[in-house]
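The values are calculated or read from the model by the stated rules, or taken from the named source; none is laboratory data. Predicted model only: the values in this text are computed from it and were never measured. Reconstructed Cβ throughout: ideal geometry from the backbone, glycine too, with neighbour counts over all protein chains shown. Surface areas here come from the heavy atoms of the whole protein model, side chains and all, with no ligands, DNA or RNA. Shrake-Rupley method; radii C 1.70, N 1.55, O 1.52, S 1.80 Å.
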Amino acid sequence: MENKQQSNGVMKETKAMKKKVNWSGSLIVASLTGAFGSSFLYGYNLSVVNAPAVYIKNFYNETWQRRYGFSVDESTLTLLWSITVSIFAIGGLVGAIIVTPIVKFFGRKCTLLLNNVFAVAAALLMSLSLLAGSFEMLILGRIIMGVDAGISLSALPMYLSEISPKEIRGSLGQVTAIFICIGVFTGQVLGLPEIFGQESRWPYLFGAIIVPSLIQVVILPFLPESPRYLLLEKHNTREAEKAFQRFLGKDDVSHEIEEVLAESRVQRNTKLVSILQLLTTRAVRWQVVTVVVTMGCYQLCGLNAIWYYTNNIFSEAGINHETIPYVTLSTGAVETLAAVFSGLVIERLGRRPLLIGGFGLMIVFFSVLTVSLTLQNTVHWLPYLSIFCILAIIASFCIGPGGIPFVLTGEFFQQSQRPAAFMIAGTVNWLSNFAVGLLFPFIQAGLQTYCFLVFAGICFAGATYLFFVLPETKNKTFHEISQAFAKRNKVILEMQEMNHYAGERKSSAEQESDFTSSVDNGETKKEIV
């Protein structure tokens, strides 16, 4: 009896230790600093072009007239503006494509640091474009800033997923989304007429990009590299142990080291998986499809269209021109609060309910917004309902779809597959971003108030797919997540055989190692022990 009580006491103590997760100072500073110089700038550049749009178009027209002796026609001006807005996504696509070799060679942390070269160069080009009388400098700066965003939106979630314990992996992963929201809100604040939202001051909006970059360059070098990168790709056990100690805030990290070493022993002679290899690997086929769907819906659900053209939407809703900048400010505040709320509850509610529920709410509010915009001239209070719907759409997006796709991409794949997976996710993300930025003005012109039904349809398709396919990944290892997808990937029988070893029970880390070794080359192998 005494032995049984002692055994139960040990089990309870072990469970308590597993539940207790320390948010060390290094972990907090690394996530905040990494996000401030990365995802913050992405969000900032989404909204920063909105407030000075009229002044930038005047700048384009004046430059055109000075060069060619006549004013630019309206269609050409609309095209130039659409290119200025959407070219950011082309740069992002380039960044997403080149990020894999960069994070492999330099590491996750150093990639974030080196990426600031693009941010500073872009800031200088865009802020000096008015002085130089060249709108081409502004467009080129937007492309380069897009490259920075494309690299950071892959490298940052990769870094955060590899430095965080699995118990808080979702919450820490939401830091990416939270700082995107803060960046959007900051762009709106600085764009107010009282600050930089004036004809003579709009270049300062782009010059401000240098500040987060410099802060990241000063602080991030003093923080550790990803311990998983050090152990699995650089095979540096000593430095990985030091990194784990700083990030976890404890001296004894033997359990964490042993967990990762189980995978390291398998992958020591394994090269990074290419995109083609990942796409042809049966064991991760549905994981790849799910990442493509979630990332596609992340951009195509219509939120970026709202950010890019908020002023026009509020104008159509009948809001007074002088009031628009302040109403727009409320959208950034709502987005930030919703993202913080999501970060607080994601480890309790899980990824699946937040993601599907977010898309479901967006469908409802897009439908109501369409009705209110269509009938706004018949009832005097309907413009206010339109504003409420826009705020509700933003909040619904940030509760789930705004950050969870980045978290899922980091959770679905093992170390050797992760860079290729983020490249695929980034490519889908930026192509969809470009399509929305370029096509939405024409969709809006063609469909008028019914344009948002297109986005409602995309949200419905995404929510339906996720309801039937997406498993819950909260607090699960790579092996457990792979098992959840195994039936769809048609590898369940082989996995069951692998998990029944005679005479011993294996830890979750060892099971994950065995599984990754068998699926790493795109096929499942039966082992004889």
Task: Rounded D (µm²/s) - the range 59-137, Kirkwood Rh over Cα pairs, Stokes-Einstein at 10 °C, 1.306 mPa s - done: 106
Open item on the list: Checking the table 109/487; 109/166; 242/487; 250/490; 166/242 against a 30 Å threshold on Cα-Cα, which pairs fail?
Closed with: 109/487; 242/487; 250/490
TODO: Over the range 23-223, with every protein chain in place, what whole percent of the accessible area is carbon and sulfur at 1.4 Å, could you tell me?
DONE: 73
TODO: Report relative contact order for the range 274-492 in percent, whole number only (criteria: Cα-Cα under 8 Å, sequence separation at least 6).
DONE: 39
Open item on the list: Compute, for the range 274-492, the length of the dipole vector about the Cα centre, with Cβ point charges of +1 (Lys, Arg) and -1 (Asp, Glu) only. Units Debye, rounded to 20.
Closed with: 980
Task: Residue among 303, 402, 384 farthest towards the positive dipole end of the range 274-492, charges placed on Cβ - done: 402
- [ ] With a 10 Å radius around each residue's Cβ, average the other Cβ atoms per peptide and rank 146-154, 199-207, highest first.
- [x] 146-154, 199-207
TODO: Give the accessible area for residue 464 in Å² (nearest 10); use a 1.4 Å probe, count only protein heavy atoms, and leave out ligands, DNA and RNA.
DONE: 50
TODO: Give the ranking of 81, 381, 64 by solvent-accessible surface, highest area first, calculated with a 1.4 Å probe.
DONE: 381, 64, 81
Open item on the list: Report, to one decimal in Å, the Kirkwood hydrodynamic radius for the range 45-179 based on all distinct Cα pairs.
Closed with: 16.5
Task: Nearest-10 value in Å² for the accessible area of residue 418, using the 1.4 Å probe - done: 20
Task: Accessible area, probe 1.4 Å, largest first, for residues 253, 293 - done: 293, 253
- [ ] Return the sequence-ordered ³J(HN,Hα) values of the range 160-169 in whole Hz as given by the Karplus equation 6.51 cos²θ - 1.76 cosθ + 1.60 applied to θ = phi - 60°, using x for Gly and Pro.
- [x] 5, 5, 8, 9, 9, x, 5, 5, 10, 4
Task: Per residue accessible area of the range 23-223, 1.4 Å probe, in Å² - done: 34
- [ ] Show 321, 235 ordered by accessible area, largest first, where the area counts protein heavy atoms only and the probe is 1.4 Å.
- [x] 321, 235
Open item on the list: Using a probe radius of 1.4 Å on heavy atoms only, what accessible surface per residue do you get for the range 274-492? Whole Å² is fine.
Closed with: 37
Task: Rg(Cα)/(2.2 N^0.38 Å) for the range 366-415, N = residue count - done: 1.74
